[in-house]
């Protein structure tokens, strides 16, 4: 954590009409660091992630990745240089098998090295994907069509696809929401150990404070588009302001929070 | 100057005709999200029915003005019978199908109705000029016009007002707006969406048939008259914004005036300009100039 | 995959066998019957005024010849003794479709000859294919001069003169009856027929009525457009008082109805080269005083003409179809007549049932008497007909409740067609050398 | 290469088209003609199938079909070209070129907007062709028989073999494309554009590539149609009804396999021929009724009739 930050966010602002979704947010993330992001619904967590991966253009401020300004980059370019993300509601290819989902992710990730015109179902690539399926514990679903998966398995596939290219920054948008209690630690163990091994910086949006406390090196608390706290987990969770605004008396599970993604391009 | 007036009047009367035909198409699309290729058949059937009955009753010695009654009756009858039949027999079973399948089904219906016209009415052309002859002509800016075409402008305005009143001022309009905005919300609110669909489709069919019936007195009503009308009304509806009545007005005005200008000055571009403008509008404003509000999903 | 293609093959072969079994040509040992494709518009806007009357005309004459009931000199039964079995085909649907249908007629149905085609575009499209398939084809109605002026065909004949004569005769009629006209414009369809007609009419006008000025904005709406409000305004605003039109099918009727209400015909002298079908269908609505042509000694211009053949044709037609025979009825009947004459002649010359080549040789340069006139295959190396073309003025007769045409003048073929081998537009541009009118 | 010969569909296409080309020499001329027209249409439908894989339906593919056909006709009118290779190349290049240009616009559109914009473009071309005398107006042009390296085959059977070769080649190219990672991206884009974008591949580029391929196939199809028919004209090649027919065949054939479009094309051609013969007044009625029947009773197209027994057979073999 002594390295130069891999991701620098400076003075990021975003507003939709009168609604301010991000107000002057500045964060540095070092390689290999796991940063938790917490906040109530509508606090601006997903907007923050969407701006880093280029889905939304910030009204003001800059995002620097490994010393390069990537503000307003296209999502596909962000993914290409090593900024990847998973989704709150899993985004997979519904009509394809689990294996094909991963094969496509792998093929795109290696497009600099192998031609996309080569057959998708290449033996070496299949072996590689099976290893990933093993790691995420979804090997048994290999030939199942993605739309028939349980929410948990679908989530795992989503995260696996995001991690295939061994990104340098991985943004996980509520990776454990909708996942059973037994599964959630397994997922997190797999993801975090992989990223630690590769030195990937992880931004982890979570409602589950136990997860945050257990895996994050540092926690940011958001409220109404503002970063109100940036400290080690224990310290943040102890903060009375954070407790009042976010953690709440009975830490309601929140499945209604959905990113406001619009379909029009 | 004379030419400009001529372009304006020609354009306006052509626009009126386009509007009357297209407004039914846009209403059906707005409510049911169906792009109905068979709309051209409503037009053709309306024209045939009107021409046939006008000829028949004229031969029986009815006065010329009775033609206007027959035009209205033909439109209502065609819309009610054919529209209802298509909705009940074909579309009713297809609402869950893919968009393309529905579109193709209406294409199939169009092909079938084209030939049924031949089987019912034969191949000889029909003429129903009596209503047009009755109204005579008038001289505007040095060019003689038939009053009948000018009345079409009036009819278009009346239809536009009626549609607006129905949508903006009636209980029906409110129900329609809910269904247009989001079918599921409509269902959740206890609206009988199926009934709304039937009424809408029949009303749209009647308007299409009215377009044909109203224009019939100026035409030789002969097989194949529905083919070109379809793409023209598609152009009108797309330019204005699919599902918007104001859009249909603007679209019809643009297409009508552009075509009139082209015919007067560069006749070779007559057809091209219409579709070039359609493409241009889609490129700049894909939803059309007057897109109605839509529910956002995800 | 493998099995699938076998399936297609089996299907195709099966269909082929089925077609052979069901097809009209079965196994004909002695030629006691011939199959002839008869192509005319059976649907679309041209069916009513052109296609169906044409088909009826062919049908009437075919039945009469099969039965031997046609008046002399065509009172022998059959075509070289064989009965003709017509296979009717719809001409609508575009040129490419017609080419495909032509191939089907020849290669699938195995017809012995093809008669028909109304649209000039279709004639141009079908001609090279007919030549490729080496099948005797008699074009009956279409008028574009390009067919025999741009090509040299062995298997194609046309028993209808080309449109240049119609245009020259029209200009002559204008010179003789409306010689002081100051200007003229036109409304014609945007394809071979309309373009050729306008081109040759304006060239002929330049020659016969040189001081009449040609308009700069003649209109060329798309064929079957149906609505002409804007075009009528443009023509009305034009100073030219004479309006030329080669409109046919439903277009002429729609144009007349729309223009009449607007008082168009009160201010303009309308000249319609082929609009005669509208005279009957519109009745008293058709404007009086229109210059009308029928492209030959056919249709309304010869309706009253006596003579055994014409009287038989008009009466038999009226009796069977309850309507007057129109121009196309004559034109199709004449094409059938040409086939009979050539086949009978070939049979006489060679003895026995003639081959196609013998029929073609017999038809080449044929000159024969038709119902109300004479047709000579004088151009296109003996493949292209010429005949007189006439014009007259329309008038609604209140007493009889029928339309009539008055002041009819026919112009002989030698003054309205170029000499053999001369392209007609060149001939027109050079001032029609050799024409004595 | 190994994967190419190992692909069952590729093998099937090769065997099927070879058999077809050979059978052509024993079939009557009219069947050869209809098969040829059917294959040409099938080639355009193959283009639509590729688009359908990416979730797009073009109601204006007659634009490229017509462009291919007119390229062949105009190459002959202007430069006297009658050779197969330059004719076909001209058709493919012109269609592909315009597809590439329009692709920059069309790749931003989905669903009904894509369909309508395609329609607008195709009708604009129709408007030009119909009203321009130098482009043949409503009549179009005749196309003289095709020559292969200076040799003009006497019979159409030889031409059928050439057409079969072109179609087999196109089918294999598309099969290889669809089996490739890039080809699978088409379905991925249809399923979830956001995911494709976040995996690092621009959705617009994927759609654009597919679109150009589809335009080239339709262009080749139009070129072959012009050569097979010997005639081009706007109403048979560019009007919206032609686009409608192509979409009709796509649905009728089913999107399950690259061979399906050709089966669909040939079946369509036979339906039309027989409908036309049986009921010259009502052939459209028969075609329309077939269309409705397919949509209601065979929503996955004719291919599903072949696929089911085939899969069963395979299972038994395994």
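How would you rank A:132-144, B:245-257, highest first, on the average number of other Cβ atoms within 10 Å across their residues? It would help to have the intermediate numbers written out before the result.
Values: A:132-144: 16.2, B:245-257: 24.8.
Sorting A:132-144, B:245-257 by mean packing, highest first, produces B:245-257, A:132-144.
May I ask you to derive the FRET efficiency for residue B:138 and residue D:105 from their Cβ-Cβ distance with R0 = 60 Å, giving the value to the nearest 0.05?
Working: r = 46 Å, r/R0 = 0.76.
So the FRET efficiency works out to roughly 0.85.
Calculate the mean, over all residues of peptide C:106-113, of how many other protein chain Cβ atoms lie within 10 angstrom of the residue's Cβ.
Working: counts 2, 8, 8, 2, 2, 0, 0, 0.
Taking all residues of C:106-113 together, the mean is 3.
Be a star and scan segment C:37-59 for residues whose amide nitrogen sits under 13 Å from the point 7 Å along the Cα-to-Cβ vector of residue B:56.
Taking a point 7 Å out along Cα→Cβ of residue B:56, no residue of segment C:37-59 has its backbone N under 13 Å.
For segment D:182-233 and segment C:146-218, what is the separation of their Cα centres, given in Å?
48
Over the whole of B:212-225, what's the average partner chain Cβ count within 10 Å per residue? Rounded to a whole number, please. Intermediate values should be presented prior to the final figure.
Details: counts 0, 0, 0, 2, 0, 3, 8, 9, 17, 5, 14, 12, 10, 7.
Mean partner shielding for this stretch: 6.
Say each of residue A:147 and residue D:271 gets a label point 7 Å from the Cα, pointing the same way as Cα to Cβ; how far apart are those two points in nm?
A separation of 2.5 nm, rounded to one decimal place.
Given 10 °C and 1.306 mPa s, how large is the Stokes-Einstein diffusion coefficient of segment B:24-225 in µm²/s, with Rh as the Kirkwood radius over Cα pairs? Kindly include the intermediate steps, with their values, before the conclusion.
Values: Rh = 18.1 Å.
Rounded, D is 88 µm²/s.
State whether chain D is rounded, prolate or oblate according to the following rule on the C-alpha gyration tensor (a ≥ b ≥ c being the square roots of its eigenvalues): a/c under 1.5 gives rounded; otherwise a/b larger than b/c gives prolate, and the remaining case gives oblate.
Working: a/c = 1.35, a/b = 1.13, b/c = 1.20.
Cα axes put chain D in the rounded bin.
Once you put a point 7 Å from the Cα of residue C:31 and another 7 Å from the Cα of residue A:26, both along the Cβ direction, what distance in nm separates them?
10.3
When a footprinting reagent is the concern and you count Cβ atoms within 10 Å, what order do A:197, A:214 take, fewest first? If you can, show how the numbers build up before the last one.
Values: A:197 10, A:214 14.
Ranked by crowding around the Cβ, least crowded first: A:197, A:214.
What is the mean number of Cβ atoms from other protein chains located within 10 Å of the Cβ atom of each residue in peptide A:78-87, rounded to a whole number? Before the final figure, lay out the partial values.
Details: counts 3, 6, 4, 1, 1, 2, 3, 1, 1, 4.
For peptide A:78-87, the averaged partner shielding equals 3.
Helix C:2-22: angle to the longest alpha-carbon principal axis of chain C, degrees 0 to 90, nearest 10?
Taking the Cα atoms of chain C, the angle to C:2-22 is about 80 degrees.
Return the calculated 222 nm mean residue ellipticity for the protein assembly as shown, to the nearest 500 deg cm²/dmol, obtained by summing -39500 (n - 2.57) across DSSP H runs with n ≥ 4 and dividing by the residue count. The partial results should precede the final answer.
On the way: 52 runs with 728 residues, N = 1318.
My calculation for the protein assembly as shown gives -18000 deg cm²/dmol from helical runs alone.
Which of these, D:208, D:184, D:61, has the largest mean-square fluctuation under a Gaussian network model of chain D (Cα springs below 10 Å)?
Fluctuation is largest for D:184.
For chain C, count the residues as N, evaluate 2.2 N^0.38 Å, and divide the Cα radius of gyration by that value, please. Can you show the working numbers first?
Details: Rg = 22.2 Å, N = 437, 2.2 N^0.38 = 22.2 Å.
For chain C, the normalised Cα radius of gyration is 1.00.
Does segment B:200-261 come out rounded, prolate or oblate, given a ≥ b ≥ c as the square roots of the eigenvalues of its C-alpha gyration tensor, rounded meaning a/c under 1.5 and, failing that, prolate meaning a/b above b/c? Can you show the working numbers first?
Working: a/c = 1.97, a/b = 1.22, b/c = 1.62.
In terms of gyration-tensor shape, oblate.
Take every Cα-Cα distance within the protein assembly as shown, group them into 10 Å bins from 0 onward, and report for each bin the whole-number percent of pairs it holds.
P(r) over the protein assembly as shown, rounded to whole percents: 2, 8, 15, 19, 18, 14, 10, 6, 4, 2, 1, 0.
What ranking of C:291, A:104 emerges when the number of other C-beta atoms within 10 Å of each C-beta is taken as an exposure proxy, fewest first? Could the numbers behind the result be given before it?
Numbers: C:291 23, A:104 26.
Starting with the residue having the fewest Cβ neighbours, the order is C:291, A:104.
What is the helix-to-structure angle for C:327-350, meaning the angle in degrees between its Cα long axis and the longest Cα principal axis of chain C, kept from 0 to 90 and rounded to the nearest 10?
For C:327-350 against chain C, the angle is about 40 degrees.
With all pairs of different alpha carbon atoms counted, what Kirkwood hydrodynamic radius in Å does segment C:179-283 show?
On the way: mean 1/r = 0.0727 Å⁻¹.
About 13.8 Å for segment C:179-283.
Connecting C-alpha atoms closer than 10 Å in a GNM of chain D, tell me which of D:285, D:52, D:74 has the biggest fluctuation.
D:285
For the pair residue C:83/residue C:323, report the inter-label distance in nm, with labels modelled 7 Å from Cα in the Cβ direction.
Taking the simple label geometry, residue C:83 and residue C:323 are separated by 2.8 nm.
Compute the FRET efficiency between residue D:298 and residue B:72 as 1/(1 + (r/R0)^6), taking r as their Cβ-Cβ distance and R0 = 41 Å, and round to the nearest 0.05. Write down the numbers at each step before the final one.
Details: r = 42 Å, r/R0 = 1.02.
The formula returns an efficiency of 0.45 here.
Can you give the FRET efficiency to the nearest 0.05 for residue C:356 and residue C:311, using r as the Cβ-Cβ distance and R₀ = 51 Å? Can you show the working numbers first?
Details: r = 34 Å, r/R0 = 0.67.
For residue C:356 and residue C:311, the calculated efficiency is 0.90.
Just to be sure I understand: with springs between alpha-carbon atoms less than 10 Å apart, which residue in C:308, C:49, C:218 has the highest mean-square fluctuation in the Gaussian network model of chain C?
So, out of C:308, C:49, C:218, the one fluctuating most is C:308.
Give the percent of DSSP beta bridges with both residues in the protein assembly as shown that are antiparallel, rounded to the nearest 5. Please list the in-between numbers first.
Values: 48 of 98 bridges.
Counting DSSP beta bridges with both partners in the protein assembly as shown, the antiparallel share is about 50 percent.
Measure nothing fancy, just the Cα-based angle from helix A:151-163's long axis to the longest principal axis of chain A, in degrees from 0 to 90, nearest 10.
Between the helix axis and the principal axis of chain A, the angle is about 90 degrees.
For the modelled label position 7 Å from the Cα of residue B:119 along Cα-to-Cβ, which residues of segment B:79-108 have backbone nitrogen atoms closer than 16 Å?
Hits in segment B:79-108 for residue B:119 at 16 Å: B:82, B:86, B:108.
Sort D:197, C:402 by Cβ crowding within 10 Å, fewest neighbours at the top. Don't skip to the end; give the middle numbers.
On the way: D:197 25, C:402 15.
Starting with the residue having the fewest Cβ neighbours, the order is C:402, D:197.
Each reported figure results from applying straightforward, stated rules to the coordinates on display, with no laboratory input. As the structure is a computational prediction, the values presented were derived from the model and not from experiment. So basically every Cβ, Gly included, is an ideal-geometry build from the backbone, and we count neighbours across all protein chains shown.
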